[in-house]
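Just below is one structure, and these are the notes that go with it.
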Amino acid sequence: NPYAGLVSHLRATWLSGKTRPMEYRVAQLEALGRFLDEKKQDILEATALDMGKPSFEAYFTEILLCKNELNDTLNNLCHWMKDEHVDKNLVTQLDSAFIRKDPYGVVLIIAPWNYPIHLFLVPLIGAIAAGNCVVVKPSETTKNTERLVAEMLTCYLDNDCFAVVTAGVEETTRLLENKFDYIFFTGTPSVGRIVMTAAAKHLTPVTLELGGKNPCYVSDTCDVQNVAQRVAWGRFFNVGQTCIAPDYVLCSVEMQEKLMPALREAITEFFGSNPRESPDFGRIVGDKQFRRIRALLCSGRVAIGGQTDEKERYIAPTVLADVLPSDPAMQEEIFGPILPIVVVASVDEAIDFINARPRPLAIYAFSCDSKVVNQVLERTSSGGFCGNDTLMHVTLTSLPFGGIGNSGLGKYHGKFTFDTFTHHRGCLHRNMGLEALNALRYPPYSQQKLGLLTATFEIKRKGMCTLL
Amino acid sequence: MQTGSVFPQPGMQQPLEPPGQQPPGSGARKAPEDYGSGGTGSMDGDVASGNPYAGLVSHLRAAWLSGKTRPMEYRVAQLEALGRFLEEKKQDILEAAASDMGKPPFEAEFSEIILCKNELHETLNNLGTWMKDEHVDRNLVTRLDSAFIRKDPYGVVLIIAPWNYPIHLLLGPLIGAIAAGNCAIIKPSEMTKNTERLVAEALPAYLDKDCFAVVTAGVEETTRLLENKFDYIFYTGSPSVGRIVMTAAAKHLTPVTLELGGKNPCYVSDTCDVQNVAQRVAWGRFFNVGQTCIAPDYVLCSVEMREKLLPALRKAITDFYGSNPRESPDFGRIVGDKHFQRVQKLLRSGRVVIGGQTDEKERYIAPTVLVDLQPSDPIMQEEIFGPILPIVIVANMDEAIDFINSRERPLVVYAFSSDDKVVNQVLERTSSGGFCGNDTLMHVTLTSLPFGGIGNSGLGMYHGKFTFDTFTHCRGCLHRGMGREALNALRYPPYSQQKMGIVRAASEVKRKGACTLL
């Protein structure tokens, strides 16, 4: 087992207690901040090389959002770390009852390629904040970023407690044979199953941030141009390689007619008449992915875009009209710059369509009528939800981010990341004396004792709950 | 901590068949079968037919999709029905527990009725608050929007309960599952047959059969049951079966809570009130004849403390059960023959100083204390789950802590000392599901404390609101305005440095002054 030594080393450090003091964690987190500041240019260049990521997008997702998470954590860490004292009953009135925030130990973070810094750094922030040691495995698909992380991150962090492992599929399988105390995986559902199965051997808790097809319902009552801009932005950001991108639109045939010119206008405003020449539109990450996405183009009818260039791995911002549920574009998460429009007769039909499919990471609903947005929210199930916009719900560190069903399990961002990597240990510290208080519970048992014991323990039903 | 040794499961007949190996994965692609059948009433697709429980799961899933369990009034009605079950069937529950394992009615009433009613009342008292959308802090960009956490049910959940507290460990999770709006299949333990029959026959009469079902199943049927897709699985039992449950869950990406076990160490320092310690430890060890996942499993103390503890323990046991515990109505029996044989074998470790008598016909094992143990003795290799308390000698607290840390992380660590610093040291330098200083078992009677394991002792937590949270999907929601598009213009291409500057100002979280050191 090629990684046994590394895991052993990190575990020994963790057992030494090195990561427990707040000052230590703050120092490591501040070092991460310096990594983001000092290596900013390298990060922008690496992502540009790996997938033509525009520097605006790279700065926003890989630097700015990460710094937000870092600052939110540094601002609140001592508060989050504190013991939480809890309500006591009559019996424990004189005791100390609290939740201790313990680290898990040695945790593994596996990151994907689409936001290669953000999707390992944000979990890492929470893992460090919670006092763990960490093995980070960046994606092998984005080679420049992988190299950057492997060579440079370790200069900023304590090598006794934090390590970067570069690994392909086979080595990752070997890595997963080791016992970790928590595994945080971002990627596809099928690999998610493999990770969870490996974790099960060691009873290792997991967070799986997976994916799916995020539906985007557009009602007949909306500001079409605004909707088109917001949907186009969400779909074509990072060339569509975003787990929370709107994957397909559900709308009436009338709305499809209105949306099409509005989408065309939005795309032209964003990327010009030839998006291939726009510095603000990236490329598909690799040849395999390019071919996979290109094959999806034979779905429905290409109404906008559709051009491709294999050498550049360029696929134009594309909208497909009249797509059928049986079409290729509706069989898998698109993860590319293609927006299929599927016609439904009504919001009820849209809801049924959504509910007949695996639960997605996000559901989007656009309507001027709040009741419609609320209906979609109420009658569907998804990781997260955004009404009248796309992507934005994940930029709030106060909202939990995670999937449900096929789109994942667990949640993070902000304090939720700290909580993910924290074991909440229920603690009671009683007095050595005051034994008389305990006499009621000891044998020999009697009805009288039970009556008195009940009185000291019981929780009574209060008056009726206020109805929501 | 040591990796590796898996405790043989106390109380289980034979392990469920582990499922076959999965081939190593490829990476980016997902298989078409990830997507659902598109049929009615089935989110995420159901598993292949030829599966005896498929119809039942399907039925419950259809009921859940209908939205029946969502209104608060519905959930309150089901929970109140559970309360009536506990009241009206109290006598039956006590009798079943007595028949199954000689459980004293005091113990049965306390753990199976009173503690369950506490959870029920706590839930009913607070459900309105727990269910509400939680509005969260917004940034500048989202100031005018609605940002909140919606509490959604998972869907159809499975609860598998063990035999030691067969009502409590079924009902405790069920209360939270219902409160959170789920449909549930509950599988009581097949070991405690009278209780199993009671639950299977009586409980469905109280609950809505469209949404809740009791399944009686042995090992093989449970394996078939686990092939179905559930939206959450809550399992209480042994670590080895926990692995099997989690592996089955992994096929469907089903989240799990596993309440498992281990050997709960009980460190007794030299500075303590010996008689109090003896009473509290004896109570925790011999309650339910030691068949308690959070029972103190073994004591760690100095040679001097052991000398003081032994007479104190002898006195406590006599005070509790008289000079012949076999005749005490307050001391139960081992649940089954196989378990009796397993526990009885452990008596050969070390030397018996108190108790040690057994009677196979009655499945009686006396409250027993063992000394002169080696870490390699049989009794130190598995969770005892019986009325035997080994005392292991350590020189000092540091040695005790090292001893604890070189083993699997237990469900609970106990530490007794008049010196708070000692208790805090043990807490600080060990890792366990929960912790109790200067007593045993009591920490789990507070609904405000989370109850769960870590490492081999489990994952997830429950009790009180934590049960509701376990069965709730916290859905991050943002509801923006349809207008005010100008606010969004900054984020759209064509990109520029200037736009980025403003975007940053509008959305950045700044570092505040240095944190106050703890």
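Listed values, structure above:
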{"quantity": "Check on B:F403, within 30 Å of A:G384 (Cβ to Cβ) and away from chain A (no Cβ under 11 Å)", "calculated": "no"}
{"quantity": "Pairs with Cβ under 9 Å, 6+ apart, first in region B:57-71 and crowded, with 22+ Cβ neighbours inside 10 Å, second among the β-branched types (V, I, T)", "calculated": "B:V57/B:V47; B:V57/B:V156; B:V57/B:I185; B:L60/B:V156; B:L60/B:I185; B:R61/B:V156; B:W64/B:V156; B:T69/B:I178"}
{"quantity": "Candidates B:L478, B:L490, B:L517, B:L459 - the one that is under 30 Å from A:L70 (Cβ atoms), at pLDDT below 95 and buried (at least 19 other Cβ atoms within 10 Å of the Cβ)", "calculated": "B:L490"}
{"quantity": "Meets criteria (more than 7 Å from chain B (Cβ to nearest Cβ), in contact (Cβ under 8 Å) with a residue 40 or more places away in the chain and under 30 Å from A:V122 (Cβ atoms)) for A:L391", "calculated": "yes"}
{"quantity": "Test: B:V394 is buried (at least 24 other Cβ atoms within 10 Å of the Cβ), among the aliphatic types (A, V, I, L, M) and in contact with a Leu (Cβ under 9 Å, 6 or more places away or on another chain)", "calculated": "no"}
{"quantity": "Candidate set: region A:427-446, residues that are touching a residue at least 40 places away in the same chain (Cβ under 8 Å) and either among the polar types (S, T, N, Q) or part of a loop (DSSP other than H, G, I, E, B) (or both); chosen: the one surrounded by the most Cβ atoms within 10 Å (Cβ to Cβ)", "calculated": "A:R430"}
{"quantity": "Members of region A:78-97 found to be among the aliphatic types (A, V, I, L, M), facing chain B (nearest Cβ under 7 Å) and either touching a residue at least 60 places away in the same chain (Cβ under 8 Å) or not in a helix (DSSP H, G or I) (or both), listed by number", "calculated": "A:V86, A:A97"}
{"quantity": "Qualifying positions in region A:16-35 - surrounded by fewer than 19 Cβ atoms within 10 Å (Cβ to Cβ) and either touching a residue at least 12 places away in the same chain (Cβ under 8 Å) or closer than 23 Å to A:I117 by Cα (or both)", "calculated": "A:K18, A:R20, A:M22, A:Y24, A:A27, A:E30, A:A31, A:G33, A:R34"}
{"quantity": "Selection within region B:48-91 - modelled with pLDDT under 95, touching a helix residue (DSSP H, G or I) at 6+ places or on another chain (Cβ under 7 Å) and aliphatic (A, V, I, L, M)", "calculated": "B:L65"}
{"quantity": "Residue check, A:A321 small (G, A, S), within 14 Å of chain B (Cβ to nearest Cβ) and in contact (Cβ under 8 Å) with a residue 12 or more places away in the chain", "calculated": "no"}
{"quantity": "First in region B:325-338 and within 11 Å of chain A (Cβ to nearest Cβ), second anywhere and in a loop (DSSP other than H, G, I, E, B) and among the hydrophobic types (A, V, I, L, M, F, W, C), Cβ under 6 Å, 6 or more apart", "calculated": "B:P325/B:F331; B:P325/B:A366"}
{"quantity": "Residue selected from region B:239-259 under the condition more than 7 Å from chain A (Cβ to nearest Cβ) and in contact with a Pro (Cβ under 7 Å, 6 or more places away or on another chain), by the criterion surrounded by the fewest Cβ atoms within 10 Å (Cβ to Cβ)", "calculated": "B:S240"}
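Every residue, every condition in (1) over 12 Å from A:S219 (Cβ atoms); (2) at the interface with chain B (Cβ under 7 Å from one of its Cβ atoms), yes or no:
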residue	(1), (2)
A:A356	yes, yes
A:A362	yes, no
A:V373	no, yes
A:T380	yes, no
A:G387	no, yes
A:L396	yes, yes
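The values are calculated or read from the model by the stated rules, or taken from the named source; none is laboratory data. What you see is a predicted model, and the numbers here were worked out from it, not measured in a lab. All Cβ positions, glycine included, derive from the backbone under ideal geometry; neighbour counts span all protein chains shown.
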